[in-house]
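All remarks here apply to the structure that follows.
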């Protein structure tokens, strides 16, 4: 269910919007001031924010600046001031749209749908580009098969990536070479030499380790196998 945060200090307007949007099938959270809005943004992670510029003694534009430190959530300003210069200023500071009071509920619904539609493509791309595994400065994206270390993209072969991702999905768990052959190569020692794993570990360390002879990320457990050290990025 799409989640909408309504930031409105007028209790009647807030109740009207909450009732209408709930009836439209949205999950609605209401905040009456900036502090509550920031808390709700962090806790509920809304898909869209309806933010009144006039929040009592607070300025909704200042609240948006604070929200932007937490999230890129699409935001629509509600305002009683319809001057073009003010609308442009609001859009430049990060609002996605403006609704001028008094407004019709049909307009609110249409503008919400429009903003969500535009944001949908951006959110989908953001989801694709976002790392699926993050360990300090080591970022592994299983969607794009990309690995970044200290801000630089590493050139890994498909098997090197598969080996790294498999180990990183189970930090600190030790896997024997036979287990890695089975899970990464979908093979076994009967069909493929376990030395294949050793060679790929060596190549992978050469690319991700500062000192491959004293690895931080992929360590050897003597007599057993290899494991990924998830806390290496914190050192």
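Every number in this text was worked out from the coordinates using simple rules, so none of it is lab data. The shown structure was predicted, so the numbers you read here are calculated from the model rather than taken from an experiment. Note: ideal-geometry Cβ built from the backbone for every residue, glycine included; neighbour counts use all protein chains shown.
Here is how the numbers come out for the structure above:
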quantity	calculated
Nearest-0.05 FRET efficiency for residue 172 and residue 43, computed from C-beta distance (R0 35 Å)	0.70
In degrees, nearest ten, helix 105-129 long axis to first principal axis of the chain (Cα)	20 degrees
Principal-axis tilt of helix 11-23 within the chain, Cα atoms, nearest 10 degrees	60 degrees
Over region 133-234: Rg over Rh, Cα atoms, Kirkwood Rh	0.94
Helix 60-70 axis, angle to the chain major axis (alpha carbon atoms, nearest 10°)	10 degrees
For region 170-226 versus region 40-61, the gap between their alpha-carbon centres in whole angstrom	49 Å
Computed helical MRE - 222 nm, the chain, DSSP H runs ≥ 4 contributing -39500 (n - 2.57), nearest 500	-13500 deg cm²/dmol
137, 52, 12 arranged by Cβ crowding within 10 Å, fewest neighbours leading	12, 137, 52
Three semi-axes of the equivalent ellipsoid, the chain, Cα gyration tensor, whole Å, largest first	51, 17, 15
Footprinting exposure proxy for 175, 103, 161 (fewest neighbouring C-beta atoms within 10 Å first)	103, 161, 175
Fraction of beta bridges assigned by DSSP in the chain that are antiparallel (%, nearest 5)	50 percent
Least to most buried among 203, 117, 227 (fewest other Cβ within 10 Å first)	117, 203, 227
